[in-house]
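Rule-based calculations on the coordinates, nothing more; no lab input. Since the model is a prediction, treat every value here as computed from it, not as a measurement. No Cβ is skipped: glycine too gets one built from the backbone with ideal geometry, and neighbour counts run over all protein chains shown.
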Amino acid sequence: MARRDAGTPPKATRKTPAAGRPDAKKQSGKHDPIGEATPEPARPSTPLAQQIAEEAAQNTLALNPLIGMRTEDLMQGARTVLGALAAQPQIVAQQWMDFMKEMGRIVTGQSEVEPDAKDKRFAHPAWNENRFHKALMQSYTAWAKTVQEAVEKTGLEGKDAARARLVTSIFVDAMAPSNTLVGNPLALKQAIDSKGASLVEGMKNYLSDLAKNGGLPSQVDMSKFKVGENLANTPGTVVFKNELVELVVYTPTTEKVWARPFVLVPPQINKYYSVDLAPNKSMIRFLLANGIQPYCISWRNPTARHRDWGLDSYIHALDEAVDAARAISGEDKINIMGSCSGGITTSAYAAWLAGKGEDKLASVILAVCVLDTEAESESDMAALVTPETVLAAKQMSATRGVLDGSELAKMFAWMRPNDLVWNYWVNNYLMGNQPPAFDILYWNADTTRLPARLHGDFLDLIFTNPFVNPNKLSISGVPLDMRKIKADTYVIAGTTDHITPWKAVYQTARIYGPDTQFVLSNSGHLQSLLNPPGNPKAWYVTAKAKEADADAWTKTATKHADSWWLNWAEWLKERSVKEIPAPKTAGNAKYKPLGPAPGTYVFEP
């Protein structure tokens with residue numbers, strides 16, 4: 001199955017210079033129109049492990065708790081495929097004849113079959129230097145095309161068609177010759193050059209993963225990182241703590257700061273420090289450099305005894321933390337940002353406040369967050385969402401008390417097997433290399449759990465769609481109506497995001513109203529957040545969400561070079577009241593310092 005994504009938006013009607021950095025003059029110059037490919041500079045050949053690390057930000061799991069998935073659903077998809085093919089044998093016969101004709105050309109060296117130019121499994125010249133491996137590559141490519149076309153020609157529709165594409169993709173990717181020792185020329189060369197040492201190391205890695213990682217290849221060398229030391233090490237202080245959250249405020253790095261505090265709400269299924277990895281990619285450090293006062297929510301990692309924590313529990317806990325930030329700063333309102341499922345929580349919180357008539361939010365920023373559960377999506381993962389799968393997912397977490405993030409991660413890995421399974425299989429086992437030591441991958445593996453009731457509440461959103469349908473969801477007796485929210489809004493999406501596709505995120509902006517600033521970054525799910533200025537390949541487009549659909553919006557959007565962080569910082573400053581002397585200490589008389597950042601909840605296993 002060819003992988004789908006939303007792609008790059010069409011050409012914009014106008015162009016403007018990039019927004020300037022706060023400590024430099026505004027940049028100017030020519031920028032490519034939206035949709036035109038920017039030539040990439042030549043890159044040196046790198047070892048497989050380094051290549052994996054460089055691409056990790058685009059392929060992290062970024063778990064989505066709205067999807068209820070089971071192995072049984074994939075098996076049902078396989079049965080659907082086999083049944084459709086069995087019912088139409090003429091399709092199988094015709095495809096097989098075409099395949100055998102191509103095999104004849106391959107054997108005689110006359111075939112022109114080539115893998116997709118973007119398929120990195122066969123990018124190395126070694127695949128064409130040896131006649132055996134070239135024939136193997138061509139045979140696999142022809143076979144994969146045959147299987148995929150046969151499935152497409154069965155005429156399956158809707159969710160059946162999407163499930164068929166998904167299970168076919170998983171099967172075809174698993175059969176690639178690059179996944180075998182004999183079929184992979186690079187692995188063979190490694191074995192010969194190392195006199196078999198790579199095979200020994202690969203077997204050690206395999207046995208270790210069999211014992212410690214459920215049989216899946218490890219994606220990161222966990223021994224190279226430690227939270228609070230070389231990750232999440234920006235100086236700060238915990239100034240509030242309740243049963244569900246710790247609130248971390250970070251030490252100012254400028255003489256003056258903007259008066260209004262900024263509260264970050266991370267997803268509950270991942271730990272918060274994705275916004276504070278290495279210093280050169282830390283969102284927290286960027287905010288501090290711009291004089292913003294960042295307060296970050298750190299969710300507690302729940303256990304089965306916390307099974308009854310629901311969305312209402314998290315909203316009340318968040319409200320306590322927001323009141324603490326307001327009291328410490330002396331400001332009546334805050335700016336707040338939520339990403340992914342943290343954006344769902346933030347939106348429910350904003351609607352809950354509006355329903356009570358409480359005006360605590362000056363602005364709401366959402367990143368890679370889909371609120372409309374019926375928004376059109378080009379992802380075949382949506383095919384796994386049915387009333388039956390949702391009910392089964394809720395029953396499973398209710399039985400266990402929690403949804404375990406590590407188990408969800410393993411299922412998600414098979415949604416993108418080439419990126420999240422087979423490249424590590426080759427690197428760790430066939431090549432005998434250690435998995436890469438990369439901070440994003442470490443964070444990605446440091447999953448958390450969801451309480452059973454919160455997981456159930458998230459799953460219920462799929463069918464009630466309360467952010468589109470007013471009064472379908474109530475929090476502590478307060479019905480939620482997004483139309484009552486009056487805060488300024490800013491929504492960010494990524495062009496290559498496969499978890500929350502950008503066109504679905506655009507509908508999130510529309511829910512907040514046509515004056516919402518919508519920003520589309522040329523990046524994936526996590527990279528939409530980890531997007532520090534200075535990347536020459538980075539660009540973003542932005543415009544108000546006035547158009548009814550995303551395609552129409554692109555015709556009004558303006559393209560800018562560099563990171564959207566620059567645009568966002570200026571937008572945020574305009575909503576941060578005024579500059580004041582930076583506070584000398586954290587907290588106040590009521591909210592005293594409780595300990596240094598990153599707090600204690602982040603360390604709970």
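Quick notes on this one:
- DSSP beta bridges confined to the chain are antiparallel in about 55 percent of cases.
- Listed cross-link partners Lys333/Lys472; Lys394/Lys590; Lys134/Lys559 are compared with a 31 Å cut-off, the Cα-Cα value being larger for Lys394/Lys590; Lys134/Lys559.
- Working from label points 7 Å from Cα in the Cα-to-Cβ sense, the Phe603 to Arg400 distance is 2.6 nm.
- Within segment 113-132, backbone nitrogen closer than 18 Å to the virtual label 7 Å beyond the Cα of Ile192 toward Cβ: 124-132
- As a rough guide to protection, the peptides 270-283, 573-586, 476-489, 495-508 ranked by mean Cβ packing within 10 Å, highest first, stand as 495-508, 270-283, 476-489, 573-586.
- Backbone N under 19 Å from the Val200 label point (7 Å along Cα→Cβ), restricted to segment 417-454: 428-435
- Amide H to amide H distances under 5 Å link Arg449 with Gly405, where only residues 5 or more positions off or on other chains count and H is placed in the peptide plane.
- Each principal axis of segment 173-283 carries a Cα extent, and these read 63, 32, 25 Å when sorted largest first.
- Extension reserve of the His316-Lys584 stretch, reckoned as 0.36 nm per residue once the Cα distance is removed: 93.5 nm
- Shape summary of segment 112-227, radius of gyration then Dmax from alpha carbon positions: 18.0, 52 Å.
- Binning all Cα-Cα separations of segment 188-248 at 10 Å, short to long from zero, yields these whole-percent fractions: 17, 24, 25, 18, 10, 6.
- Lys/Arg +1, Asp/Glu -1 at C-beta; the chain dipole; positive extreme among Leu207, Thr496, Met100: Thr496
- Ala211 paired with Val92, simple spin-label distance in nm, labels 7 Å along Cα-to-beta-carbon: 4.4 nm
- Fully extended contour minus Cα-Cα distance, from Met75 to Ala278, at 0.36 nm per residue: 69.0 nm
- The Cα center of segment 181-212 and the Cα center of segment 578-605 differ in position by 48 Å.
- Segment Arg131-Lys159, length gained on full extension (0.36 nm per residue, minus Cα span): 6.0 nm
- Computed about the Cα centre, the dipole magnitude for segment 547-605 is approximately 520 debye when only Lys and Arg (+1) and Asp and Glu (-1) carry charge, each at its Cβ.
- Average 1/r across all pairs of distinct alpha carbons in segment 357-460, invert it, and you get the Kirkwood radius: 17.0 Å.
- Cα lying deepest toward the dipole's positive end in segment 467-536, options Asn531, Leu480, Ile511, charges on Cβ: Leu480
- Here the dipole of segment 495-605 is about 340 debye; that uses its Cα centre as origin and unit charges on the Cβ of Lys and Arg (positive) and Asp and Glu (negative).
- Given charges at beta-carbon only (K, R positive; D, E negative), |dipole| of the chain in Debye: 880 debye
- Working note: Debye formula, equal point scatterers on the alpha-carbon atoms of segment 435-515, no solvent; log10 I(q)/I(0) at q = 0.18, 0.24, 0.25 Å⁻¹ is -1.03, -1.21, -1.22.
- In this structure, the amide hydrogen of Asp221, modeled 1.01 Å from its nitrogen in the peptide plane, lies closer than 5 angstrom to those of Ala437, Phe438, counting only residues at least 5 positions away or on a different chain.
- Segment 236-250 and segment 94-163 have Cα centres lying 54 Å from one another.
- Seen from all directions on average, segment 269-424 presents a Cα convex hull projection of 12.3 nm².
- Net +/- balance of residues flanking Arg453 in space, Cβ distance below 12 Å, scoring K and R +1, D and E -1: -2
- For the chain, the equivalent ellipsoid derived from the alpha-carbon gyration tensor has semi-axes of 42, 27, 26 Å in decreasing order.
- Look at the dipole of the chain built from charges on Cβ: of Thr464, Val172, Cys296, the Cα furthest out on the positive end belongs to Cys296.
- Residues with amide H under 5 Å from that of Phe240, placed H, sequence gap 5 or more: Leu247
- Segment 481-605 - convex hull of the alpha-carbon atoms, volume per residue in Å³: 201 Å³
- Cα pair distances exceeding 20 angstrom across segment 292-358, given as percent: 31 percent
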